[in-house]
1. If you take the residues of the range 162-192 that are in contact with a Phe, Trp or Tyr (Cβ under 7 Å, 6 or more places away or on another chain) and not hydrophobic (A, V, I, L, M, F, W, C), which of them is surrounded by the most Cβ atoms within 10 Å (Cβ to Cβ)?
2. For the range 97-122, name all the residues that are closer than 15 Å to ALA221 by Cβ and part of a loop (DSSP other than H, G, I, E, B).
3. Please state which one of GLY217, GLY130, GLY187, GLY223 is at positive phi and in contact (Cβ under 8 Å) with a residue 60 or more places away in the chain.
4. Would you confirm whether any residue within the range 17-30 is more than 24 Å from LEU250 (Cα to Cα) and either modelled with pLDDT under 95 or not small (Gly, Ala, Ser) (or both)?
5. Those residues that are part of a helix (DSSP H, G or I) and either touching a residue at least 60 places away in the same chain (Cβ under 8 Å) or open to solvent by less than 60 Å² (accessible area, probe 1.4 Å) (or both), I need them from the range 255-266; list them, please.
6. Scan the range 186-209 and give yes if some residue there is under 21 Å from THR98 (Cα atoms) and among the polar types (S, T, N, Q), otherwise no.
7. Can you go through ARG257, ARG249 and tell me which one is under 13 Å from the mean Cα position of the chain (by Cα) and under 22 Å from THR31 (Cα atoms)?
Amino acid sequence: MEELKRIIAEKAAENDTQEVKRFLFGSIEFTTLKCTDSEQSVMAFVERVNRWDNEMPDLPHPATICVYPCFASIVSECLDVEGVGIACVSGSFPSSQTFLEVKIAETALAIKDGATEIDMVMPVGRFLSGDEEGVTDEIREMKAVCGDDVALKVILETGCLKTPENIRKASFLAMNAGADYIKTSTGKEAVSATPEAAYVMCQCIKEYYQQTGRRVGFKPAGGINTSMDAVIYYTIVKEVLGEEWLNNRLFRLGTSRLADVLISEM
């Protein structure tokens, strides 16, 4: 990881600018995934995005609002800002431990209620036990439910994969199975997004693009608490994948607290 250390040491500071922070704000997936979420709290959460659009019209809007599937209809009904997607974690988030039929049904219901993007967790236990075919089949089934119009993000839960070799193998497995994005983490495990995992994943995305011509997006999530955290991920994407990935269609940040941090610094 010497190259990663060099990139951060030499390049991150120059990306710590107002322009980059504005871009990062527009790449946020404004996320609430609490056991205490309710219709009322989600309505208030959405209203914050509506209010930002009215009060700060010069700022870009967040890329999506990310919620549990049962709240997709609430977001759809309350969201007034054009261009903000509705992302739902689906498929027995965050454990991915249930029947495939249940995952498919939950995903289909979320899409029916307005979800424009689906975040699923790769079945990590299956992967670590060597059942790569089973993992591949499950991701393909979930992408079939999403179809061409609903993006599928596959969460690798890199903190549980532990090694760069496992992260690399899982990244290619997910992309080959149809993932539109690969995502680091659920934010529910002890280790969430790390620059080391991001660097490996971005290298894989680059290799996959060179092999297939298909651009896959990247989403770090979990533990992104400061603007410099976000700038470091931006820097990794810029240096490894290039300018083509520096848009909110291919680069996302899974967080909620970062939004207020960026607003306070702009």
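The values are calculated or read from the model by the stated rules, or taken from the named source; none is laboratory data. The structure displayed is predicted, hence computed values, not measured ones. Counting neighbours? That spans all protein chains shown, and the Cβs are built from the backbone with ideal geometry, glycine included. What goes into the accessible areas is simple: the full protein's heavy atoms, side chains included, and nothing from ligands, DNA or RNA. Shrake-Rupley method; radii C 1.70, N 1.55, O 1.52, S 1.80 Å.
1. THR186
2. Once the filter is applied, which keeps residues that are closer than 15 Å to ALA221 by Cβ and part of a loop (DSSP other than H, G, I, E, B), the range 97-122 yields only MET122.
3. The match here is GLY187.
4. No, because not a single residue in the range 17-30 is more than 24 Å from LEU250 (Cα to Cα) and either modelled with pLDDT under 95 or not small (Gly, Ala, Ser) (or both).
5. Correct list: LEU258, ALA259, VAL261, LEU262, ILE263, GLU265.
6. yes
7. Unique residue meeting the criteria: ARG249.
Yes/no matrix, rows are residues, columns are (1) in contact with a helix residue (DSSP H, G or I) (Cβ under 8 Å, 6 or more places away or on another chain); (2) closer than 24 Å to THR64 by Cβ:
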residue	(1), (2)
VAL89	yes, yes
SER92	yes, yes
PHE99	no, no
THR107	yes, yes
ALA110	yes, yes
GLU117	no, yes
MET122	yes, yes
ARG126	yes, no
